[in-house]
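Everything below concerns the one structure shown next.
The values are calculated or read from the model by the stated rules, or taken from the named source; none is laboratory data. Here the structure is a predicted model, which means the values were calculated and not measured. Here Cβ is always computed from backbone atoms with ideal geometry, including for glycine, and neighbour counts include all displayed protein chains. Please note that ligands, DNA and RNA were not included when accessible areas were found on the heavy atoms of the full protein model with its side chains. Shrake-Rupley method; radii C 1.70, N 1.55, O 1.52, S 1.80 Å.
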Amino acid sequence: VQMATALPGVDRVTNDGPLIGGVDAEGDAVLRTRFGGFIDSRTRATPGAVAWAVGSLRAGLSVSIAERVDTAGNERPGHFTVTVDDSTGLPDAGLLAAAGAAIEAVRPVGSTYSVRGPLVLRTDAQLIVHGPAGGGPVQAAVIAFLAAMPTGAGLARSRLVQVAHDADPTVASVLEVTINGKAADLQVPVHGLIRPGTVGVILQ
């Protein structure tokens, strides 16, 4: 309701609806990590320099780099593929073009590159837990955890056990965890992006 710059004859403004499209303010830990990336990028022509150049385009970007492969995952010497996501799973063409321009400024001489959005992997999870009066907090925490995973990160069953205990102190034990119906960790390609599918919590 306040104006950043005064205008003659205008004292205040009224917003008919809430602001949309923003991101949370950057925390100290994120700032320190980003500044470290900036220092590392001064050497140029390194994966760190490429990741920093793309990640600096906008707050909240997730960047992963696959060396010596094309966008289909086929071996291609001298080529690298950069996967960019803005947390939507569907980055727009403008963002991908800007990422390409940023890479061009730091890429190694003689190399080629591709820029792509992530491959979204809808992931189901089921936990059998003992102890809580209700599974709501655990289910919500698991969904939030899956929704925040970065590009290229795999999913370990032990991480879901930790999420369950952190979400509800009354959880005595997690008896079983399955991911996509299997009692095994989920490995994803470097351009893969896990997002929550169906998450179930069974109480015993």
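Quick notes on this structure:
- Unique match (being of a type in the set (A, V, I, L, M), in contact with a helix residue (DSSP H, G or I) (Cβ under 8 Å, 6 or more places away or on another chain) and open to solvent by less than 70 Å² (accessible area, probe 1.4 Å)) among 66, 49: 49
- Each residue in region 1-43 was checked for being within 26 Å of residue 103 (Cα to Cα) and touching a Lys or Arg at 6+ places or on another chain (Cβ under 9 Å), and 2 pass.
- Filtered residue count, region 77-110, keeping only those that are open to solvent by less than 70 Å² (accessible area, probe 1.4 Å) and either among the β-branched types (Val, Ile, Thr) or in contact with a His (Cβ under 7 Å, 6 or more places away or on another chain) (or both): 6
- Taking region 1-42 as the range and being of a type in the set (A, V, I, L, M), open to solvent by 100 Å² or more (accessible area, probe 1.4 Å) and farther than 23 Å from residue 58 by Cβ as the test, only 1 passes.
- Residue 193 touching an Asp or Glu at 6+ places or on another chain (Cβ under 8 Å) and among the hydrophobic types (A, V, I, L, M, F, W, C): yes
- Count of region 52-62 residues which are open to solvent by 40 Å² or more (accessible area, probe 1.4 Å) and at negative phi: 5
- Any hit, region 110-120, residues being in contact (Cβ under 8 Å) with a residue 12 or more places away in the chain, charged (D, E, K, R) and under 19 Å from residue 85 (Cα atoms): yes
- Residues within region 111-144 that are open to solvent by less than 50 Å² (accessible area, probe 1.4 Å), closer than 20 Å to residue 176 by Cα and not polar (S, T, N, Q), tallied: 12
Residue by residue, here is whether (1) modelled with pLDDT under 90; (2) open to solvent by 30 Å² or more (accessible area, probe 1.4 Å) holds:
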| residue | (1), (2) |
| --- | --- |
| 163 | no, no |
| 167 | no, yes |
| 179 | no, no |
| 185 | no, yes |
| 193 | no, no |
| 197 | no, yes |
| 204 | yes, yes |
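- Condition met for residue 88 (within 16 Å of residue 55 (Cα to Cα) and assigned to a strand (DSSP E or B)): no
- Pairing each residue of region 17-41 that is outside any helix (DSSP H, G or I) with any residue that is open to solvent by less than 100 Å² (accessible area, probe 1.4 Å), provided the two are 6+ apart or on different chains, yields C-beta distances under 6 Å for 23/59; 23/60.
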